[in-house]
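The values are calculated or read from the model by the stated rules, or taken from the named source; none is laboratory data. Owing to the predicted nature of the structure, the values given are computational and were not obtained by experimental measurement. Cβ atoms come from the backbone with ideal geometry, glycine included; neighbour counts cover every protein chain shown. What goes into the accessible areas is simple: the full protein's heavy atoms, side chains included, and nothing from ligands, DNA or RNA. Shrake-Rupley method; radii C 1.70, N 1.55, O 1.52, S 1.80 Å.
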Amino acid sequence: MNAGESPRGGLDSTERLEAHLRSTPLAAIEFDLERRARRWNPAAERIFGYSHEEVRDVDCFPLLVPSELGSEVDQIWQQLVAGRGGGANTNLNRTKDGRTILCRWYNTPLRDERGEVVAVASLAEDITERAAAEREVRESRSRLAAVVGHLPVLVWALDASGEVTFWNDFAASTSGYSREALRGTEGGCGGLTGRRGSLHAGPEGTGRDYDRWELPLECADGQFRRIMWSGLAERCPIPGWASWGVGIDVTDARDAEEALRRSERRFREVLETIELAGVILDRDQRVLYCNEFMERLTGLPRDQIVGTDWVETFTEPDRRAEVSRDMREAFEGRAFTRRVDGAIRSVDGSKRIVSWNRAVIRDSVGRVTAATALGLDVTDARQAERELSKYRAELERLVHERTEALDESRRRLEAAERLAALGELAAGIGHDLGNMIFPLRCRLDSLVDRLGCSDPDLAALATGIDLLDRLGGSLRLLTRERERGARLARTDLSSWYAATAPLIESLVPEAIWLEVEIADGLSAVGVESHRLTQAVMNLVVNAAEAIQALGEGAVVDRRIRVIAREGLDDEVGGAVVELVVEDSGAGMPDAVRRRALEPFFTTKHRAISTGLGLAVVHGVARNAGGRVEISDREGGGTRISVLLPAVDEASLRPGEAVTLRLDLHDARARALHRAIAEALGFWVVEAGEPADVAVSDSEPIAGAETVAELRAGYAQLQRERALCKGR
């Protein structure tokens, strides 16, 4: 006998058990004391979604048990491991795909030969659908009991002897008799239903089931209600009920039908006298009736119109499908177009346009039985409207074109005049400032040589002359001519801000937070660093003033953001670096935004503003070949974007320029040195890069006490380097 075979040649008990566990619909699981699944049959994989490999070496409970049931299941497990548990329990489980199911568990501790628990065997059954079905049955029974008791129809039931055993609330309110008053009434509500049969026996005492039987019901007040009865006998599943049924009160419906017939007669009389085309169609869209005006409109006698298919006879071929679908929706009780225009051809071939007003006719139970329509002949009116609309559209087009042309001409003229005036004014002021500053600067240099560099009055005078020189430069930015040397400018934003950060941060009040986002590696821009500094300073000062204008008590995110990022811009024509300054102030009205970039325009008091702040920013961007955008900031405030073309260092750097590296510790001094050096034509490189000359804190030029001394020092350095190159 082979191993694994029983004496009769079949499978031994172990193999039969294994076969049973593989085929059973119950999940058969054997957990070790670490709650790992040593046995996991196909039903377990089908119910929970996990394969045996997924649960063999892990704690299965976090996979199968929702977290909120963890402590409860842990208690059951501890009892099983202690040998005190066992039996059945029902709890929620979780499947691999995230579903929550309800399972019935049968758990048994497994012991070794010493009686110690070494594992737990469990059988699990997914009872989710069964539990839901049982709950639905219970709820359905409860709802049925509640609904039957309050249905808006008469519900009755008789016992085997014909006595009333059930009479719902609606039946009691309709008849005026309570259930207690009718209890024990003989003969199927005998006196209530009158003669000629009873509810139990049916019409004429046939004793058969019946579905429709109209029988009057005598109410407690002596009035009769017309009731449509329906009853079933000897097939009632409810104990104690031999027959039961419902009754529908059709008294009002019968009265409505009679009123409808009277109304229909009056409606036909009206249709014959009005100057409108009137038709009635049945559910097959055939003409049931037409009035005299319809005869005149079509030129056909009434007997040739009645009975014809309306869609095929009186509808244009290209609209037949649409009209037929619309009519079907109307007869089905769905929404339909009540007012439509349609064309009708008369017998002489002429086409008339009719504006139809449509409605449906319903029977006593609300079913749509017919459709009616009244039509107004609007052929002449539509023709006049088309002609008038055509002339109106042409007139509006001409007026619109002429208005746009005039507006565009006016805008161009105003812009040209304004720019011309501002250009002449800016050029004149800049020229005059230059003429005034030149002798002052010469005289100042002479005084410095005679009196020394430490005189505070001379230092103050030098500062004033420097400010006037900057103002003149700002005015020159307002012209359309690009500054000399601007095309050779190159500024790296990261190093620029590292040098000018102290200067810009000093402009922001302590109560306002300055947030700067300038990433490393951005492309350089074709703007001189001192011009870029001037533009950003103007924007930061404006942003701070906008926030301060809200007042100290305003609840607002008091923040200025300076952001630099790369992108593309079609107007600039390629790669750009966008420099954004955002504030959380009150925002800028449209009227102010339209004029914000104009020179000398300001919303501030003239004593504290010249109106050149944003105009200078615009001039800096325009001289670099870029542009400025002003928009609202999300959440409130203003957002100003300066889009500057990205430049290539190799294409911009002049071959004869002297390269300069500033190894200065103080950031303010480094920014001042850079501005003066670049203005004189030096090419300033970043720290660590090779250069023709380097200036450190120990150099004599770094000890200059005035701007004039610093400018003179760099001019002398430039001359020396030029002589060296000349040799």
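If you go through the stretch 674-696 and pick out every residue that is more than 19 Å from Ala708 (Cα to Cα), open to solvent by 60 Å² or more (accessible area, probe 1.4 Å) and either within 55 Å of the chain's Cα centre (by Cα) or at pLDDT below 80 (or both), you end up with 4.
The condition of being surrounded by fewer than 21 Cβ atoms within 10 Å (Cβ to Cβ), under 17 Å from Val628 (Cβ atoms) and at pLDDT 85 or above holds for only one of Val525, Val516, Val541, that being Val541.
Counting residues in the stretch 82-100 that are outside any helix (DSSP H, G or I), among the hydroxyl-bearing types (Ser, Thr, Tyr), closer than 17 Å to Arg39 by Cα and more than 43 Å from the chain's Cα centre (by Cα) gives zero.
Here Ala591 meets each of (1) surrounded by 13 or more Cβ atoms within 10 Å (Cβ to Cβ); (2) modelled with pLDDT of 75 or more; (3) not basic (Lys, Arg) with one exception, condition (1). The residues of the stretch 284-308 that are touching a residue at least 12 places away in the same chain (Cβ under 8 Å), among the charged types (D, E, K, R) and under 16 Å from Ser346 (Cα atoms), listed by number, are Glu292, Arg302. Which of the residues belonging to the stretch 345-400 are under 30 Å from Val306 (Cα atoms) and of a type in the set (Phe, Trp, Tyr)? Selection gives Trp356 alone.
Please find, within the stretch 658-673, the residue that is modelled with the lowest pLDDT out of those that are assigned to a loop (DSSP other than H, G, I, E, B) and surrounded by 17 or more Cβ atoms within 10 Å (Cβ to Cβ). My answer is Val658. So for the stretch 555-574 (the condition being over 20 Å from Leu644 (Cβ atoms) and either more than 35 Å from the chain's Cα centre (by Cα) or loosely packed, with under 14 Cβ neighbours inside 10 Å (or both)), does at least one residue qualify? Within the stretch 555-574 (the criterion being over 20 Å from Leu644 (Cβ atoms) and either more than 35 Å from the chain's Cα centre (by Cα) or loosely packed, with under 14 Cβ neighbours inside 10 Å (or both)), the answer is yes, since at least one residue qualifies.
Taken residue by residue, the stretch 6-23 has at least one member that is surrounded by 18 or more Cβ atoms within 10 Å (Cβ to Cβ) and at pLDDT below 90.
For the stretch 360-393, enumerate the residues that are open to solvent by less than 80 Å² (accessible area, probe 1.4 Å) and in a helix (DSSP H, G or I). Steps first, please.
Our first condition is that a residue be open to solvent by less than 80 Å² (accessible area, probe 1.4 Å); within the stretch 360-393, this holds for 360-361, 363-364, 366, 368-375, 377-379, 381-382, 384, 387, 389, 393.
Scanning the stretch 360-393 gives Thr379, Ala381, Arg382, Ala384, Glu387, Ser389, Ala393.
Could you go through the stretch 233-248 and let me know if any residue there is among the aliphatic types (A, V, I, L, M), in contact with an Asp or Glu (Cβ under 7 Å, 6 or more places away or on another chain), closer than 27 Å to Arg362 by Cβ and at pLDDT 80 or above. There is no residue in the stretch 233-248 that is among the aliphatic types (A, V, I, L, M), in contact with an Asp or Glu (Cβ under 7 Å, 6 or more places away or on another chain), closer than 27 Å to Arg362 by Cβ and at pLDDT 80 or above.
Restricting the search to strands (runs of 3 or more DSSP E) fully inside the stretch 109-189 and requiring at least 2 residues that are open to solvent by 50 Å² or more (accessible area, probe 1.4 Å) and either under 30 Å from Ala27 (Cβ atoms) or at pLDDT below 80 (or both) gives 117-126. Taking the conditions exactly as written (over 24 Å from Ala131 (Cα atoms), touching a strand residue (DSSP E or B) at 6+ places or on another chain (Cβ under 8 Å), of a type in the set (A, V, I, L, M) and without any contact (Cβ under 8 Å) to a residue 40 or more places away in the chain), does Ala37 satisfy them or not? The answer is yes for Ala37.
Could you tell me which residue of the stretch 202-232 is modelled with the lowest pLDDT, considering only residues that are closer than 18 Å to Leu154 by Cβ and in a loop (DSSP other than H, G, I, E, B)?
Restricting attention to the stretch 202-232, the residues satisfying the condition of being closer than 18 Å to Leu154 by Cβ are 202-203, 209-221, 223-232.
Next, only the ones that are in a loop (DSSP other than H, G, I, E, B) stay: 209, 219-221, 223.
Working: Asp209: 70, Cys219: 86, Ala220: 85, Asp221: 86, Gln223: 86.
Taking the candidates together, the pick is Asp209.
Reported count of residues in the stretch 24-53, each being over 22 Å from Ile76 (Cα atoms), open to solvent by 80 Å² or more (accessible area, probe 1.4 Å) and in contact with a helix residue (DSSP H, G or I) (Cβ under 8 Å, 6 or more places away or on another chain), is 2.
With the requirement that a residue be out of contact with any strand residue (DSSP E or B) (no Cβ under 7 Å at 6 or more places or on another chain) and not in a helix (DSSP H, G or I), what does the stretch 489-517 give you? Break it down stepwise before answering.
Initially, the stretch 489-517 is screened for residues out of contact with any strand residue (DSSP E or B) (no Cβ under 7 Å at 6 or more places or on another chain), giving 489, 495-496, 498-504, 506-507, 509-511.
Hits for the stretch 489-517 are Ala489, Ser506, Leu507, Pro509, Glu510, Ala511.
Regarding the stretch 93-100, can at least one residue be identified that is surrounded by 14 or more Cβ atoms within 10 Å (Cβ to Cβ), in contact with a Leu (Cβ under 8 Å, 6 or more places away or on another chain), touching a residue at least 40 places away in the same chain (Cβ under 8 Å) and not basic (Lys, Arg)? Checking the stretch 93-100: at least one residue is surrounded by 14 or more Cβ atoms within 10 Å (Cβ to Cβ), in contact with a Leu (Cβ under 8 Å, 6 or more places away or on another chain), touching a residue at least 40 places away in the same chain (Cβ under 8 Å) and not basic (Lys, Arg).
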